[in-house]
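Undergrad: Pasting in a structure now, in structure tokens, and then I'll have a few things to ask.
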Amino acid sequence: MTRTKQTPRRHQPTPPIIQPTHQPIVKKTRRHFRPPLPDRSIALQEIRKLQKSTDLIPKPLFQRLVKEIATQINPEMRFQSQALLALHEAAEVLAKWDLARRIRGELMRS
């Protein structure tokens, strides 16, 4: 193998860097206007939120409320745990029915 003579490569001048004369473009985040929602859509939002959760009424708060009301009537009254659970489920069903009525636009009971 024969060696060939390498010729030096000529350095090509780099083009000058052009500085921008204007400010860089900054994108602003858009703020969307949300008009106030009518009562039905608010009720729908509430129902979706409540359907995602399994508990409409927290059990400890409900049990405390029932026991407090019962002691005002009769201080010696006691409850079985199953009775408190039955009252709790009945109250939740009633709350769901009221929400369904609000969606349909029926009048609320007084």
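Residue by residue, here is whether (1) among the charged types (D, E, K, R); (2) at pLDDT 80 or above; (3) open to solvent by less than 100 Å² (accessible area, probe 1.4 Å); (4) out of contact with any helix residue (DSSP H, G or I) (no Cβ under 7 Å at 6 or more places or on another chain) holds:
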| position | (1), (2), (3), (4) |
| --- | --- |
| Asp39 | yes, no, no, yes |
| Leu44 | no, yes, yes, no |
| Gln51 | no, no, no, yes |
| Thr54 | no, no, no, yes |
| Ile69 | no, yes, yes, yes |
| Ile73 | no, yes, no, yes |
| Arg78 | yes, yes, no, yes |
| Ser81 | no, yes, yes, yes |
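Undergrad: Tell me which residues, restricted to segment 51-84, are among the aliphatic types (A, V, I, L, M) and in a helix (DSSP H, G or I).
TA: Matches in segment 51-84: Leu61, Leu65, Val66, Ile69, Ala70, Ile73, Ala83, Leu84.
Undergrad: Checking Leu99 against (1) open to solvent by 80 Å² or more (accessible area, probe 1.4 Å); (2) closer than 29 Å to Pro38 by Cα; (3) not β-branched (Val, Ile, Thr), which single condition isn't satisfied?
TA: Here Leu99 clears every test but (1).
The values are calculated or read from the model by the stated rules, or taken from the named source; none is laboratory data. Note that the structure is a prediction, hence the values are computed from the model and not measured. Cβ: placed from backbone, ideal geometry, glycine included. Neighbour counts: every protein chain shown. These accessible areas exclude ligands, DNA and RNA; they are computed on the full protein's heavy atoms, side chains included. Shrake-Rupley method; radii C 1.70, N 1.55, O 1.52, S 1.80 Å.
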